[in-house]
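Chemist: Structure provided below as C-alpha cells; questions to follow.
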Amino acid sequence: MEVRVLKDYASLSSAAAEIVIDLVRRKPDCVLTLPSGGTPIGMYEALVRAYDEGRVDFSKITLFDLDTYAFLSDADPRSNYSYLMKHFAGKVNLDPARWLRLDGAGERAAERAAGYEREIALAGGLDLAVIGIGHNGHIAYNEPGSSFESRTRLVELAGSTKSANARFVSSPDEVPAHGLTMGVGTMMDAREIVMLASGEGKAAIVARMVEGPVSEDVPATALRLHQRSLVILDQDAARRLSGEPTLL
Ligand code: PGA
C-alpha cells in the first residue's frame, strides 16, 4: 500500500480524477466502481470538467455501484442513483446500459446482491475501485467486523455511519438502517484500489489504518494486503501519522 499526502482537498481531488482519466484513456472499456459521500465530490467536479473539455470519454466504461442504501427508490434523493446522477453520471456520457446498479433492488435486495458478483466477473472484474473510509474504518458499507473475504450483500449500518451520514439529510431519522455493499473481498479483487481521505476528522482512523494492526476490526486495513492500493490524503487527514510524511 502506497500513501501519498497532498497539500489540500483540491490537490487530492484532482489527483484522484487524473488517475481515473488516465485509466479511461488507456482502457476506454475499463470497469470501475466509484464512491459516494462528501469526500469524492471534488473528484467528480474534476472529472466532469475534464469531460467538458473533451479530455475524456466515458461512453465505454462499465460502472458498478460500490454501495447504496437499501430499499430506496431511484427517485429518492438519498439513493446512490440520485447522488451519482447529480455529481457524475448525469453530467457525462456514461452509457446507462453500462451502469450496473445495486439500487432499485427493493424487496429483492439480497438476491440482487448475490447476482452482482456474477455481473462483476462477467464484465472481466474491476480494473479500479475508488473508495473512501468511514470514521470507524469502514470501506463501502463494510462495518467493523466485516470479513476480508466478504462479498456483495445486504448489511445493517453501524450507528456511527448513520450519525456521520445524517449531515446529508434533514433529520438523523432519515438515514436508512440498511445498505447494500460490495464486500471487502469484492474490492480486494479489483486490480487497483484508490482510497481518498480528507480532513482532520479522518486523521485518527487514517493513522489506525496505516500504522495499526491489520484487522477486520478496521476493514480498511485490508488495503495493506493489496498489491496495488494507493491512499491519497490531504495534510489534515495525514496529521496523526507518525513521522514526517513526504508532501507531494
Ligand atoms: P465521506 O464518507 O466521504 O462522506 O466522509 C466516506 C465513507 O463513509 O466511506
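The values are calculated or read from the model by the stated rules, or taken from the named source; none is laboratory data. What you see is a predicted model; the values in this text were computed from it and never measured. Neighbour counts run over all protein chains shown; Cβ positions are idealised from the backbone, glycine included. These accessible areas exclude ligands, DNA and RNA; they are computed on the full protein's heavy atoms, side chains included. Shrake-Rupley method; radii C 1.70, N 1.55, O 1.52, S 1.80 Å.
Chemist: What is the chain's relative contact order, in percent, from Cα pairs under 8 angstrom and six or more apart in sequence?
Modeler: Result for the chain is 26 percent.
Chemist: Then there's this: Find the accessible area per residue for the chain; the probe is 1.4 Å, ligands and nucleic acids are left out, and the unit is Å².
Modeler: With all protein chains present, the chain gives 44 Å² per residue.
Chemist: Once you put a point 7 Å from the Cα of D57 and another 7 Å from the Cα of E211, both along the Cβ direction, what distance in nm separates them?
Modeler: In this crude spin-label approximation the distance works out to 4.7 nm.
Chemist: Determine the relative contact order of the range 178-248: mean sequence separation of Cα pairs under 8 Å and six or more apart, normalised by residue count, in whole percent. Walk me through the intermediate numbers first.
Modeler: Working: 79 pairs, mean separation 29.5, N = 71.
With pairs under 8 Å counted, the relative contact order is 41 percent.
Chemist: Taking square-rooted eigenvalues a ≥ b ≥ c of the alpha carbon gyration tensor, is the chain rounded, prolate or oblate, where a/c under 1.5 means rounded and, failing that, a/b exceeding b/c means prolate?
Modeler: rounded
Chemist: What FRET efficiency would be calculated for the residue pair E18, E149, taking the C-beta separation as r and a Förster radius of 41 Å, to the nearest 0.05? Numbers along the way, then the final one.
Modeler: Working: r = 32 Å, r/R0 = 0.78.
According to the calculation, E is roughly 0.80.
Chemist: Lysine pairs in the chain with Cα distance under 30 Å, only those 8 or more apart or on different chains: how many are there?
Modeler: Lysine pair count for the chain: 15.
Chemist: Shifting gears a bit: Leaving out ligands, DNA and RNA, what percent of the accessible area of the chain is carbon and sulfur, probe 1.4 Å?
Modeler: Working: 5360 of 10840 Å².
Carbon plus sulfur share of accessible area: 49 percent.
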